[in-house]
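What follows is calculated from the coordinates using simple rules that are stated; it is not laboratory data. The structure presented is a predicted model; accordingly, all values stated were derived computationally and were not measured. Don't worry about glycine lacking a Cβ; one is built from the backbone with ideal geometry, like all the others, and counts go over all protein chains shown.
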């Protein structure tokens with residue numbers, strides 16, 4: 001039997017749901033668990049789609065990649081953050097390594113593959129592809145095959161998952177997922193491949209849009225709501241699609257189901273820049289009367305020592321003398337000021353006076369290298385139960401309960417999932433639950449199964 005590898009990525013799939021709460025309701029996925037090994041997959045810091053999938057495909061941490069989120073500082077000016085793309089990845093990805101070894105890959109919907117790059121095989125770019133008017137496949141004319149395989153309407157991503165139009169959102173998620181798995185089934189059977197990887201974004205989108213109806217501990221939970229089983233039913237639908245797809249894979253295929261991070265209830269938002277204003281680290285020319293995003297021209301940089309960015313986690317930057325254009329923090333004061341802000345953030349309490357459990361990371365302490373322009377601190381508010389809010393204004397509270405980017409019920413959790421089994425072949429390793437798995441382990445495990453040497457600079461290990 002020729003060895004092949006099939007990776008089914010389910011962005012944001014939550015281990016507590018897959019491994020425990022709904023295991024008996026997911027017969028195909030639980031069957032793969034029974035025949036192989038499974039366990040929580042420790043994500044990158046931060047556990048965000050970008051950089052997590054890139055870390056999985058390179059076995060490099062975000063600092064080594066120089067990617068800290070969907071948007072990143074390009075230099076030390078005060079300009080807005082720039083959107084990441086496939087060109088942002090300077091390390092060799094798994095498909096590039098395989099192409100050099102003359103093995104054929106198909107990548108379908110993998111994040112951070114736009115614009116699509118040449119490879120030995122086929123590529124359909126994933127999330128962050130602006131629309132289907134651009135080149136989103138490699139080779140470019142492959143899009144005609146893709147569209148036909150997907151039933152005539154391949155969907156890269158739902159257009160707006162932060163919306164109050166829940167009926168339309170749910171229908172769009174199902175349409176996207178159906179089309180992606182139709183395309184995957186066709187490509188799996190009709191195209192040559194040694195390595196096949198697809199990523200479905202529907203899990204992430206349904207968590208953000210419908211978590212309040214599912215989680216009884218969510219502050220917005222409504223008993224008996226018509227969407228109370230929306231997430232559960234979608235997982236069951238996915239289980240059916242996964243079962244069909246894995247049945248199509250030939251014997252000798254290593255099958256991995258992975259997610260880049262998990263999901264958890266979003267308690268609220270912590271207004272990082274408003275907090276920095278309150279603590280006199282950030283000074284504006286005038287505090288705007290209406291709540292708004294922080295813009296560089298609003299800031300009095302001659303009196304500002306720190307500012308931040310919103311998102312699933314907080315990014316804090318110091319206004320360093322000799323580094324930023326109008327930096328105010330002397331180099332000799334850098335460590336003291338950063339430690340001071342870190343300690344104050346980690347000591348913060350929530351709106352009810354309880355310790356939030358914030359965690360502030362120094363990049364040089366969590367990464368093997370720190371490339372490009374990293375935040376001076378990466379902050380998890382409430383250990384990711386609270387979102388970081390970057391907005392400011394006279395009436396902007398420190399604690400918010402309306403998301404600054406639209407309705408959102410869930411935040412990302414640090415652990416995703418990994419399930420691994422070999423179709424028609426004994427793994428030669430104990431089946432059952434495993435611990436200590438990381439997303440950096442995927443690339444070396446794939447290379448090992450295909451009988452290839454593992455680059456010495458990969459930081460993951462072969463799952464054995």
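Taking the inverse of the average 1/r across all pairs of different Cα atoms in the chain, what Kirkwood radius in Å do you get?
On the way: mean 1/r = 0.0435 Å⁻¹.
Result for the chain, one decimal place: 23.0 Å.
Mean residue ellipticity at 222 nm, helices only, the chain: -8000 deg cm²/dmol; runs of at least 4 DSSP H residues each add -39,500 (n - 2.57), and the sum is divided by the number of residues.
For residue 365 and residue 278, what does the FRET efficiency come to when R0 = 35 Å and r is the distance between their Cβ atoms, rounded to the nearest 0.05? Walk me through the numbers on the way to the answer.
On the way: r = 27 Å, r/R0 = 0.77.
Calculated value: 0.85.
Along Cα→Cβ, 7 Å out, is where each label goes; now give me the distance between the ones at residue 402 and residue 148 in nm to one decimal. Result: 5.0 nm between the two label points.
Stokes-Einstein diffusion of segment 321-429 at 10 °C, 1.306 mPa s viscosity, Kirkwood radius from Cα pairs, rounded to a whole number: 90 µm²/s.
To the nearest 0.05, how large is the calculated FRET efficiency for residue 355 and residue 251 if R₀ is 41 Å and r is the Cβ-Cβ distance? Let's see the in-between values first.
Numbers: r = 54 Å, r/R0 = 1.31.
Given R0 = 41 Å and the Cβ-Cβ separation, E is 0.15.
Here each label is just a point 7 Å from Cα along the line to Cβ, and for residue 80 and residue 452 those points are 3.8 nm apart. The gain in end-to-end length when the residue 232 to residue 464 segment is fully stretched comes to 80.4 nm, 0.36 nm per residue minus the alpha carbon separation.
Going by how many other beta carbons lie within 10 Å of each one, how would you line up 349, 258, fewest first?
Working: 349 12, 258 24.
Starting with the residue having the fewest Cβ neighbours, the order is 349, 258.
Can you sort 298, 123, 458 so the residue with the fewest Cβ neighbours within 10 Å comes first? Please list the in-between numbers first.
Numbers: 298 16, 123 26, 458 20.
Fewest-to-most Cβ neighbours within 10 Å comes out as 298, 458, 123.
Is segment 31-151 rounded, prolate or oblate when judged by the Cα gyration tensor, a ≥ b ≥ c being the square roots of its eigenvalues, rounded requiring a/c under 1.5 and prolate requiring a/b larger than b/c?
Values: a/c = 1.68, a/b = 1.12, b/c = 1.50.
Judged from the Cα gyration tensor, segment 31-151 comes out oblate (a/c at least 1.5, b/c at or above a/b).
Each part gets one Cα centre, and for segment 38-54 versus segment 1-31 those centres are 16 Å apart. Modelled spin-label separation between residue 131 and residue 225, with each label point placed 7 Å from Cα along the Cα-to-Cβ direction: 3.2 nm. The slack between residue 302 and residue 35, meaning 0.36 nm per residue of separation minus the straight C-alpha distance, is 89.9 nm.
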